[in-house]
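Notes for the one structure printed next.
The values are calculated or read from the model by the stated rules, or taken from the named source; none is laboratory data. Please read these numbers as outputs of a predicted model, since none were measured by experiment. Note that each Cβ is placed from the backbone with ideal geometry, even for glycine, and that neighbours are counted across all protein chains shown.
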Amino acid sequence: MAETVKLDALVVGAGFAGLYMLHKLREQGLSAQVVEAGKGVGGTWYWNRYPGARCDIPSVEYSFSFSPELERDWRWSERYAPQPEILAYLEHVADRFDLNRNIQFETRVTAAQWDEAATYWHVETDRGQAYTAHYLILATGALSAPNLPDLPGLDSFTGTVLHTAKWDESVDLTGRNVALFGTGSSGIQVTPELAKRAAQLTVFQRTPNFAVPAGNHPLSDEYLAEIAPQLPGLREQARQSPLGFFATPSPGLAKEATADARAQRLEQHWAAGTTGLLLAYEDLLFDEESNSHAAEFARSKIAGQINDPETARKVTPQGYPLGSRRLCSEIGFYDALNRDNVAVVDVREEPVTQITGDAIQTSDGTYPADVIVFATGFDAVVGAINAIDIRGEGGRSLREEWADGPRAYLGLAVAGFPNLFTITGPGSPSVLSNVVLSIEQHVEWIAQCLSDLDARGVTRLEAQADAEQEWMEHSDAIAQQTLFPRANSWYHGRTRDGRRVFLPYLGGCGAYRDKCNAVAADNYAGFDLGRD
Ligand code: FAD
Ligand code: NAP
């Protein structure tokens, strides 16, 4: 058994969040270590290697802002960089800031127990390596615990099973019969690539999503030279904005515009990518009537791209507001559905009854399959945290407590679990923002907090249960003022008694940042601070 390593801080995960957290902790002179399940850095961009994977927030925004030198030296090739380029960027970050020497790869954190007497976390891994750390920081990712559906007979399938978030590049799909499950952002990105390679692609769709043209293009030297001096100002504007984007909503209410003016405005925003259409008017995520105009516009655009009326009917979203489920970004998805070798099966009309050795049987037919690709998403926001057996004060289990509804004060800390931080946890803007911007804000707040505690001789910090409850109620009240609760989506978690809990904070990145700063300035109001 390896000797227990003693640390000031242990960080779980080496994606955007874990890398920057490690850098900040070391800068502050703390002994810190990252434990990462993957063989390399990158998190999302390490695991999601499916063909077609790319970001849908422009890369000049979806990247670190903390180092002007890093920003200056890295050149993004396209408006939305493909996965290999984002992975290369994060590998560059790790090399540039010499982070790898403090990352333990291919190791999964399995359990963590709070030791009240010693004021440290005792952390266990699947490699037998144990750590004690004064602070435990979960940079485990909001979208890193993949969902595998429990389909009847899946165990008897003799072909290859892939998940987009655990892609195996060695699998050759050329000339194979491929069955794809899921038409969220990942399924929509991978479909055209599968269609190009497969003999036959069958897309098993449950809920159709709205997808807008990505509007991707190479970035010219002229554009990059022009935007470089503007970046600090644009980044600051994004920090104060609702969603953390450079672009902000165009003024006006959709329902008050004339039909002609509205059609013109929506047309202009249609091809502006995922950060475009929803910003066409300021009320699209709040007002049902306004939203219905934009949704109808999007439906007609979608149907207009598909040759077969039956396929168009199946993939045209109905019954929920535009944007209340993640708006998807597409490059050739609807075109792919027009190909002779692609078919769409709506599993709500035609449920899967059995998977056999080499086929998918539904209530209406049999579809041969050599490869099943699951683009079936994630146990979002809480899945990777719940996978660790975390025991706080008096042995209380975080997983057990979150089964009654995930909760965290400011999305950053949980009552009963001292000296533990969650980066992009429930109740923070996280997945409903430019996530890199939100990660930077969390990392910087945590780093400042640890420095303040040290300066004040504080060794123990714990969120107060009242403050936590108030924050989650506030977060929920804001969500209820929007159209998000009108849809079933992964933005909602479920309690053990089936109640829905809206997970991200919708009060806006700027307002959220101000609140976190105010809490810190008010001697960490809402936290109990303890000294040895
Ligand atoms: P992650 O990148 O998920 O990293 C978490 C790491 O923790 C993983 O490497 C995982 O292996 C590790 N880990 C988890 N549990 C353990 C454990 N118990 N022990 C050891 N290691 C563990 N967001 C946007 O804002 N814009 C986009 O365009 C965008 N595109 C996306 C595309 C895809 C395909 C996906 C899946 C997500 C996308 N996201 C996007 C969200 C994306 O997850 C975040 O932007 C960001 O990359 C998250 O970084 P992170 O460091 O918080 O988590
Ligand atoms: P997702 O949005 O949760 O989509 C999962 C899909 O699988 C849904 O269509 C879901 O249907 C379907 N599904 C689940 N179980 C099924 C079953 N048993 N049978 C048939 N279909 C089933 O997951 P994702 O596409 O991986 O995306 C998750 C998030 O990651 C995105 O919302 C986004 O935030 C991020 N992401 C971003 C990009 C990008 O463009 N940059 C790309 C990929 C991912 P239901 O909807 O009916 O549940």
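Quick check: anything in region 416-424 surrounded by fewer than 22 Cβ atoms within 10 Å (Cβ to Cβ), farther than 30 Å from ILE86 by Cα and away from ligand 1 (no atom under 16 Å from the Cβ)? There is at least one residue in region 416-424 that is surrounded by fewer than 22 Cβ atoms within 10 Å (Cβ to Cβ), farther than 30 Å from ILE86 by Cα and away from ligand 1 (no atom under 16 Å from the Cβ). Residues that are hydroxyl-bearing (Ser, Thr, Tyr) and within 16 Å of ligand 2 (Cβ to nearest atom) were ranked within region 78-111; the one that is farthest from the chain's Cα centre (by Cα) is TYR89.
Against the numbered list (1) in a helix (DSSP H, G or I); (2) in contact with a Leu (Cβ under 9 Å, 6 or more places away or on another chain), TRP490 comes up short only at (1).
Scanning region 43-99 for residues that are under 19 Å from THR274 (Cβ atoms), in a loop (DSSP other than H, G, I, E, B) and basic (Lys, Arg) returns a single hit, ARG79. Comparison of GLY273, GLY319 shows that the only residue that is without any contact (Cβ under 8 Å) to a residue 12 or more places away in the chain and within 16 Å of ligand 2 (Cβ to nearest atom) is GLY319. Of all residues in region 499-532, those satisfying the criterion of being modelled with pLDDT under 95 and over 22 Å from ALA142 (Cβ atoms) are ARG531, ASP532. Of everything in region 192-227 that's away from ligand 2 (no atom under 11 Å from the Cβ) and within 21 Å of ILE355 (Cβ to Cβ), which residue is surrounded by the fewest Cβ atoms within 10 Å (Cβ to Cβ)? Restricting to residues being away from ligand 2 (no atom under 11 Å from the Cβ) and within 21 Å of ILE355 (Cβ to Cβ), the top hit is ALA199.
Would it be correct to say that GLY392 is assigned by TED's automatic domain parsing to the domain that holds GLY416, away from ligand 1 (no atom under 14 Å from the Cβ) and either touching a residue at least 24 places away in the same chain (Cβ under 8 Å) or closer than 27 Å to PHE210 by Cα (or both)?
Yes; evaluated as a whole, the condition is true for this residue.
Determine whether GLU78 is touching a strand residue (DSSP E or B) at 6+ places or on another chain (Cβ under 6 Å) and either modelled with pLDDT of 95 or more or crowded, with 22+ Cβ neighbours inside 10 Å (or both). For GLU78, the condition - touching a strand residue (DSSP E or B) at 6+ places or on another chain (Cβ under 6 Å) and either modelled with pLDDT of 95 or more or crowded, with 22+ Cβ neighbours inside 10 Å (or both) - is met.
When the residues of region 123-182 are filtered to those that are among the aliphatic types (A, V, I, L, M), part of a loop (DSSP other than H, G, I, E, B) and within 16 Å of ligand 2 (Cβ to nearest atom), the one that is surrounded by the fewest Cβ atoms within 10 Å (Cβ to Cβ) is LEU148.
Only one of these is within 14 Å of ligand 1 (Cβ to nearest atom), loosely packed, with under 14 Cβ neighbours inside 10 Å, among the acidic types (Asp, Glu) and modelled with pLDDT of 95 or more: GLU106, GLU91, GLU69, GLU85. Name it.
GLU106
Counting only strands (runs of 3 or more DSSP E) wholly contained in region 364-444, the ones carrying 3 or more residues that are over 30 Å from ALA198 (Cβ atoms) occupy 389-391, 420-422.
The lone criterion from (1) in contact with an Asp or Glu (Cβ under 7 Å, 6 or more places away or on another chain); (2) crowded, with 23+ Cβ neighbours inside 10 Å; (3) in a strand (DSSP E or B) left unmet by ILE188 is number (3). Under the condition of being under 26 Å from ARG399 (Cβ atoms) and in contact with a Lys or Arg (Cβ under 8 Å, 6 or more places away or on another chain), the residues counted in region 492-527 number 5. Looking only at region 130-168, residues that are at positive phi and within 10 Å of ligand 1 (Cβ to nearest atom) come to 1 in all. Every condition in (1) more than 19 Å from ALA9 (Cβ to Cβ); (2) touching a residue at least 24 places away in the same chain (Cβ under 8 Å); (3) away from ligand 1 (no atom under 16 Å from the Cβ) holds for SER430 except the one numbered (3). So, of the residues in region 435-475 that are touching a Pro at 6+ places or on another chain (Cβ under 7 Å) and not hydroxyl-bearing (Ser, Thr, Tyr), which turns out to be farthest from HIS134 (Cα to Cα)? Here the answer is GLU462.
Quick grid of which residues meet (1) surrounded by 24 or more Cβ atoms within 10 Å (Cβ to Cβ); (2) touching a residue at least 24 places away in the same chain (Cβ under 8 Å); (3) not in a helix (DSSP H, G or I):
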residue: GLU3; (1), (2), (3): no, no, yes
residue: ALA9; (1), (2), (3): yes, yes, yes
residue: LEU22; (1), (2), (3): yes, yes, no
residue: ARG26; (1), (2), (3): no, yes, no
residue: GLY38; (1), (2), (3): no, yes, yes
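Evaluate region 456-474: report whether one residue or more is under 19 Å from GLY383 (Cβ atoms), more than 16 Å from ligand 1 (Cβ to nearest atom) and either modelled with pLDDT of 95 or more or not in a helix (DSSP H, G or I) (or both). Yes: region 456-474 contains one or more residues that are under 19 Å from GLY383 (Cβ atoms), more than 16 Å from ligand 1 (Cβ to nearest atom) and either modelled with pLDDT of 95 or more or not in a helix (DSSP H, G or I) (or both).
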